[in-house]
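Peer 1: Here you go, one structure.
The values are calculated or read from the model by the stated rules, or taken from the named source; none is laboratory data. It should be emphasised that the depicted structure is a prediction, and the values quoted were computed from it without experimental measurement. Here the Cβ positions follow ideal geometry from the backbone for every residue, glycine too, while neighbour counts run over all protein chains shown. Please note that ligands, DNA and RNA were not included when accessible areas were found on the heavy atoms of the full protein model with its side chains. Shrake-Rupley method; radii C 1.70, N 1.55, O 1.52, S 1.80 Å.
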Amino acid sequence: MTEIVPITAVDTIYFGGEIVTVDDARPSAEAVAVKSGRIAAVGDLADVLVQAGDDTRLVNLRGRTLLPGFVDAHSHLSLIGFQAGTANLLPAPDGVVNDLAALQAALEAWTDTETGRTWNWIIGFGYDDAQLAGLAHPTRKDLDAVSVERPVLVIHQSSHLGAVNSKGLELLGYDESSEDPEGGVIRRWPGTRVPNGVLEETAFLRHGGNQQKTSTKRNAAG
């Protein structure tokens, strides 16, 4: 059965491949017609071609699969791929990091992986201070225990903050003279201006993406 919206000639008709409708009542179709960015017809090729005009573009999929457009404003697709390459710092049941010792062990184990040996930064993703023993974020001192030679970055599971070791702070240019960026916080040791390694929102985010780009080579500049 073909579903057609009565309109003037359509702009484009796709055919010649597997067309997935994501409709349980009609999971596949032979053709799809599009008019002004909206689906105008879905169904048998002969029925859909009725809506073609002189200026209609015919696209032969040549056996390829056509899926509906997915509009997702908050999917973090690139972050999902990035996360797959980092140390798993998720708490139980998705991981084993429920205390600092486990977090440090996960980072150290990651450095012996193929990715860990080639990336410049030691990076872990998914820790949750609310599920760590002590209910606190790891600090630069905690991460210095993993390495003082390589920069270390751990990303909170919210992706809105993270923590770095002393080498990381050095490469990011954060010290006691640094001001908090607009919309962000550089956390300090109590009673001082010395960064403790925890970076919130823009203090973290303006650099977090850079680490994704510069971490693919061990000797890349931080």
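Peer 1: Where only protein heavy atoms count, and the probe is 1.4 Å, what is the accessible area per residue for the range 147-193 in Å²?
Peer 2: Accessible surface, normalised per residue, equals 50 Å².
Peer 1: What number, in percent, do you get for the relative contact order of the range 7-46 if the mean sequence gap of Cα pairs under 8 Å and at least 6 apart is divided by its residue count? Let's see the in-between values first.
Peer 2: On the way: 65 pairs, mean separation 14.7, N = 40.
The value is 37 percent.
Peer 1: In whole percent, how big is the carbon plus sulfur part of the accessible area of the chain, probe 1.4 Å, protein atoms only?
Peer 2: 53
Peer 1: Something else about it: Just one of [x] 1.02; [y] 1.23; [z] 0.97 is Rg/Rh (Cα atoms, Kirkwood Rh) as worked out from the coordinates here. Which one is it?
Peer 2: The value computed from this structure is option [y].
Peer 1: Tilt of helix 202-214 relative to the longest C-alpha principal axis of the chain, in degrees (0 to 90, nearest 10)?
Peer 2: The angle comes out near 70 degrees.
Peer 1: Scaled to the compact-protein estimate 2.2 N^0.38 Å, what is the alpha-carbon radius of gyration of the range 86-170, rounded to two decimal places?
Peer 2: Cα Rg divided by the expected 2.2 N^0.38 Å: 0.97.
Peer 1: Applying the Karplus parametrisation 6.51 cos²θ - 1.76 cosθ + 1.60 with θ = phi - 60° to the phi angles of the range 97-113, what ³J(HN,Hα) value in whole Hz is obtained for each residue in order, glycine and proline being reported as x?
Peer 2: Taking θ as phi minus 60°, the curve returns 8, 10, 7, 5, 4, 5, 5, 5, 5, 5, 5, 5, 5, 5, 5, 8, 7 Hz for the range 97-113.
Peer 1: Shifting gears a bit: Between A133 and T115, what length comes free when the chain is fully extended (0.36 nm per residue of separation minus the Cα-Cα distance, one decimal in nm)?
Peer 2: The A133-T115 span can extend by a further 3.7 nm.
Peer 1: Using 7 Å Cα-to-Cβ label points, what is the D55/T192 separation (nm, one decimal)?
Peer 2: Going by the 7 Å Cα→Cβ label model, 7.0 nm.
Peer 1: Using packing as a proxy for protection, rank 34-45, 139-150 so that the peptide with the highest average count of other Cβ atoms within 10 Å comes first.
Peer 2: Going from most to least packed, we get 139-150, 34-45.
Peer 1: How large is Rg over Rh for the range 20-107, taking Rg from the Cα atoms and Rh as the Kirkwood inverse mean of 1/r across Cα pairs?
Peer 2: The Rg/Rh ratio comes out at 1.30.
Peer 1: Further question on the same structure: Using θ = phi - 60° and the Karplus form 6.51 cos²θ - 1.76 cosθ + 1.60, what ³J(HN,Hα) does each residue of the range 76-85 get, whole Hz, x for Gly and Pro?
Peer 2: With the stated coefficients, the range 76-85 comes to 6, 4, 5, 5, 4, x, 4, 4, 4, x Hz.
Peer 1: Counting alpha carbon pairs within less than 8 Å and at least 6 residues apart, what relative contact order, in whole percent, applies to the range 100-162?
Peer 2: Worked out over the range 100-162, it gives 38 percent.
Peer 1: Still on this structure, I have one more. Pop a pseudo-label 7 angstrom from the Cα along the beta-carbon direction at both E179 and I80 and give the gap in nm to one decimal.
Peer 2: 4.0
Peer 1: Using the Cα centre as the reference, give the magnitude of the dipole from point charges on the C-beta atoms of the range 1-114 (Lys, Arg: +1; Asp, Glu: -1; all else neutral), rounded to the nearest 20 debye.
Peer 2: Dipole of the range 1-114, to the nearest 20 debye: 380 debye.
Peer 1: What does the highest-first list of 10-20, 58-68 look like by mean Cβ count within 10 Å?
Peer 2: Numbers: 10-20: 18.0, 58-68: 11.7.
Peptide ranking by packing, descending: 10-20, 58-68.
Peer 1: Order 22-28, 151-157, 200-206, 79-85 from most to least packed using the mean count of other Cβ atoms within 10 Å.
Peer 2: 151-157, 200-206, 79-85, 22-28
Peer 1: Roughly speaking, what is the stretch gain from S159 to A105, that is 0.36 nm per residue apart minus the C-alpha to C-alpha distance, in nm to one decimal?
Peer 2: 17.3 nm
Peer 1: While we're on this one: Counting Lys and Arg as +1 and Asp and Glu as -1, each charge on the Cβ, what is the dipole of the chain about the Cα centre in debye, to the nearest 20? Don't jump to the answer; show the numbers that get you there.
Peer 2: Details: 18 positive and 29 negative charges, 133 e Å.
That gives the chain a dipole magnitude of about 640 debye.
Peer 1: What relative contact order, as a whole-number percentage, does the range 121-208 give when Cα pairs under 8 Å and 6 or more residues apart are counted? Let's see the in-between values first.
Peer 2: Numbers: 168 pairs, mean separation 23.5, N = 88.
Relative contact order here is 27 percent.
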